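Nothing in this text is a laboratory measurement; each read-out follows from the coordinates by a stated rule. Quantities reported herein were computed from a predicted structural model and do not represent experimental measurements. Cβ coordinates were reconstructed from backbone atoms using ideal geometry, including for glycine residues, and neighbour counts include every protein chain displayed.
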Amino acid sequence: MKFLFDLFPVILFFVAFKLADIYVATGVAIAASFAQVGWLKLRRKKVEPMLWASLAIIAVFGGATLLLQDETFIKWKPTVLYWMFGVVLASAALLFRRNLIRAMLSEQVQLPEPVWSRLNWSWIGFFVFMGAANLYVAFSFSESFCSNVLDVVAKNNCENNVWVNFKLFGGMGLMLLFVVAQALYLARHIDEKP
């Protein structure tokens, strides 16, 4: 359920985009993000720092998209979020000698220190890759690509369609592949706590 809760704004963004356009979808994503935080606050639950960061970034980049009527800002939002996560993990490791992945997972599993370090750096690399992949997809599919290569009903919205589909399905798919690959690697080292 938490996974679906976390994806709530992305799913609503996708649906709103398919039914309307990128500006309506952006407004829906902003509202959904505020609703998420509001729901947790109303139920007196802790709002995780990642959710606060996501809310701030969608409010700033989504707000700029709506205010300036420029979709560039909303397309940068996932990259900024991914790269921020990577910078936080790397900064904690390099500046404070703190492995945040270990801090989150050490109650569930025991791993040797070198494995925790590799795990942390693999997440940093993954976030850097995902940010770059988002930019590539968001800005590499021009109208000429869409009209020459793809046969789509709404060619004038093709580049946004490619990016929105990647944002939901590509992002989730790559995350799933990464987590499965990581689980296979970690299975050799995990010593579960009772």
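What to note about this one:
- Gyration tensor verdict on segment 1-94 (Cα atoms; rounded if a/c is under 1.5, prolate if a/b is larger than b/c, oblate otherwise): oblate
- Sorted peptide list for 71-81, 38-48, criterion being average Cβ within 10 angstrom, highest first: 71-81, 38-48
- Surrounding net charge for residue 77, when Lys and Arg each add one and Asp and Glu each subtract one, Cβ distance under 14 Å: 0
- The charge dipole of the chain, taken about the Cα centre with unit charges on the Cβ atoms of Lys, Arg (+1) and Asp, Glu (-1), comes to about 740 debye, rounded to the nearest 20.
- Helical contribution to [θ] at 222 nm, DSSP H n ≥ 4, -39,500 (n - 2.57), averaged over the chain, rounded to 500: -24000 deg cm²/dmol
- Computed from Cα atoms, the angle from the helix 113-140 axis to the main principal axis of the chain rounds to 0 degrees.
- Long-range amide H partners of residue 110 with built H, under 5 Å: 191, 192, 193
- Rounded tilt (10° steps) of 22-42 against the dominant C-alpha axis of the chain: 40 degrees
- Residue 168 sits among other residues whose Cβ lies under 15 Å from its own Cβ, and their net charge, with Lys and Arg +1 and Asp and Glu -1, is +3.
- Relative packing of peptides 133-140, 170-177, 91-98, 18-25 - highest average C-beta neighbours within 10 Å first: 133-140, 18-25, 170-177, 91-98
- Ellipsoid semi-axes for the chain, based on the Cα gyration tensor and the rule √(5λ), read 33, 21, 15 Å when sorted largest first.
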